[in-house]
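To start, the structure itself, in structure tokens.
The values are calculated or read from the model by the stated rules, or taken from the named source; none is laboratory data. Since the model is a prediction, treat every value here as computed from it, not as a measurement. As a convention, Cβ positions derive from the backbone with ideal geometry for all residues, glycine included, and neighbour counts pool all protein chains shown.
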Amino acid sequence: MSKVYFTLTGTKHYYGNEFLKPGMKIMLEKEPDNVYDKEAIMVKQEGLGKIGYVANSPYTVLGDSLSAGRLYDRIASTARGKVVFVTPQGILCKVNKKSLVGTLYSDN
């Protein structure tokens, strides 16, 4: 299975993105009761809590990374990931292979 990427968005509403660095570990958590988006996936950082969301709009998704809608059924209620690139256009992240539903990977 190829690597699964997503775009982290909405950071300006929380802590900004200045603290985000490549390799930083993050946690994803589905938010099925979100009133704005039934496929919302919150992104958290240990010690800070919510830092943003997985992008779910064609205007905020970078390149070929997955939107929250495309990623939603590929993860359990929670998942792990890490920051890959921080750019002025957005933050590209990767889902830990072990967090993908139906996979049996031992490394990532």
Taking the stretch 21-67 and keeping residues more than 17 Å from ALA79 (Cα to Cα), in contact with a Ser or Thr (Cβ under 7 Å, 6 or more places away or on another chain) and hydrophobic (A, V, I, L, M, F, W, C) leaves VAL61, LEU62
Condition set buried (at least 20 other Cβ atoms within 10 Å of the Cβ) and in contact with a Cys (Cβ under 9 Å, 6 or more places away or on another chain), scope the stretch 39-85, selection farthest from LYS3 (Cα to Cα): answer is VAL43
Check the stretch 36-47 and report whether any residue there is touching a residue at least 24 places away in the same chain (Cβ under 8 Å), assigned to a loop (DSSP other than H, G, I, E, B) and within 14 Å of the chain's Cα centre (by Cα). yes
Reported set for the stretch 68-93 where residues are in contact (Cβ under 8 Å) with a residue 12 or more places away in the chain and in a loop (DSSP other than H, G, I, E, B) is ALA76, SER77, GLN89
A careful count of residues in the stretch 1-38 that are surrounded by 11 or more Cβ atoms within 10 Å (Cβ to Cβ), among the aliphatic types (A, V, I, L, M) and modelled with pLDDT under 95 gives 2
Scanning the stretch 54-67 residue by residue, those touching a strand residue (DSSP E or B) at 6+ places or on another chain (Cβ under 6 Å) and either assigned to a loop (DSSP other than H, G, I, E, B) or modelled with pLDDT of 95 or more (or both) turn out to be VAL54, ALA55, THR60, VAL61, LEU62, SER65
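Which residues, taken from the stretch 1-29, are outside any loop (DSSP other than H, G, I, E, B) and either over 16 Å from GLY47 (Cβ atoms) or in contact with an Asp or Glu (Cβ under 8 Å, 6 or more places away or on another chain) (or both)? Before the answer, list the steps.
Looking only at the stretch 1-29, we keep the residues that are outside any loop (DSSP other than H, G, I, E, B), and these are 5-9, 11-13, 25-29.
Matches in the stretch 1-29: TYR5, PHE6, THR7, LEU8, THR9, LYS12, HIS13, LYS25, MET27, LEU28.
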